[in-house]
1. Consider Lys19 against the criteria (1) open to solvent by less than 80 Å² (accessible area, probe 1.4 Å); (2) more than 20 Å from Asp95 (Cα to Cα); (3) out of contact with any Lys or Arg (no Cβ under 9 Å at 6 or more places or on another chain): it satisfies all of them except one. Which criterion is unmet?
2. When region 34-59 is examined, which residues are found to be modelled with pLDDT under 90, assigned to a loop (DSSP other than H, G, I, E, B) and open to solvent by 10 Å² or more (accessible area, probe 1.4 Å)?
3. State which residue pairs qualify: first residue under 16 Å from Phe65 (Cα atoms) and in a loop (DSSP other than H, G, I, E, B) and inside region 82-111, second residue among the hydroxyl-bearing types (Ser, Thr, Tyr) and at pLDDT below 90 in any location, beta carbons under 9 Å apart, and separation of 6 or more residues or different chains.
4. Can you tell me which residue is modelled with the highest pLDDT among those in region 72-123 that are under 22 Å from Leu59 (Cα atoms) and of a type in the set (Ser, Thr, Tyr)?
5. Could you list, ordered by first residue, the pairs with Cβ atoms under 9 Å in which the first is in region 1-28 and under 17 Å from Leu59 (Cβ atoms) and at pLDDT below 85 and the second is part of a loop (DSSP other than H, G, I, E, B) and open to solvent by 60 Å² or more (accessible area, probe 1.4 Å), at least 6 apart or interchain?
Amino acid sequence: KFWRSFINGSNTDSTGLIKAKEILERPEYPTSRWNKYVFVFGDAISSDQDATSKAFDKLVPDTRFMGWFRTIHGGWGGTSGDPFIQMLADRAKKDPKIFGYETVDDSSASMHNALMKMLGKDRNKGK
């Protein structure tokens, strides 16, 4: 169902990240007691790329790890040359201990492989 759903185009990815920050800042989730993680699944074709980048930056102090799984399916999904996608990839290369970026498609092994690359015990080897 995840791969077959389509609501419309023109994502505003910052909305979800802003909501994540609101939730993570609630007093019932103190950083002293909770390990906080934020993940985005989307094609990275965001109509609010600047706001999304700023929302990511605001989340960094509140999280142990953040990641973006760029979904591609049937020709949908931004290209690797897109400046926003390049920013995500560069961010993951700059500090892989706090941010990850992987591309997933609808093949059966894709999500597993992406999760292992981003979160597996060998994720920082060779980086």
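The values are calculated or read from the model by the stated rules, or taken from the named source; none is laboratory data. What you are looking at is a predicted structure, and each value in this text was computed from that prediction instead of being measured. All Cβ positions, glycine included, derive from the backbone under ideal geometry; neighbour counts span all protein chains shown. For accessibility, only protein heavy atoms count, side chains too; no ligands or nucleic acids. Shrake-Rupley method; radii C 1.70, N 1.55, O 1.52, S 1.80 Å.
1. For Lys19, the exception is condition (1).
2. Hits for region 34-59 are Asp43, Ile45, Ser47, Asp48.
3. No pair meets every condition.
4. Only one residue tops the list, namely Tyr101.
5. Going by the 9 Å Cβ cut-off, the qualifying pairs are Thr12/Ser47; Asp13/Ser47.
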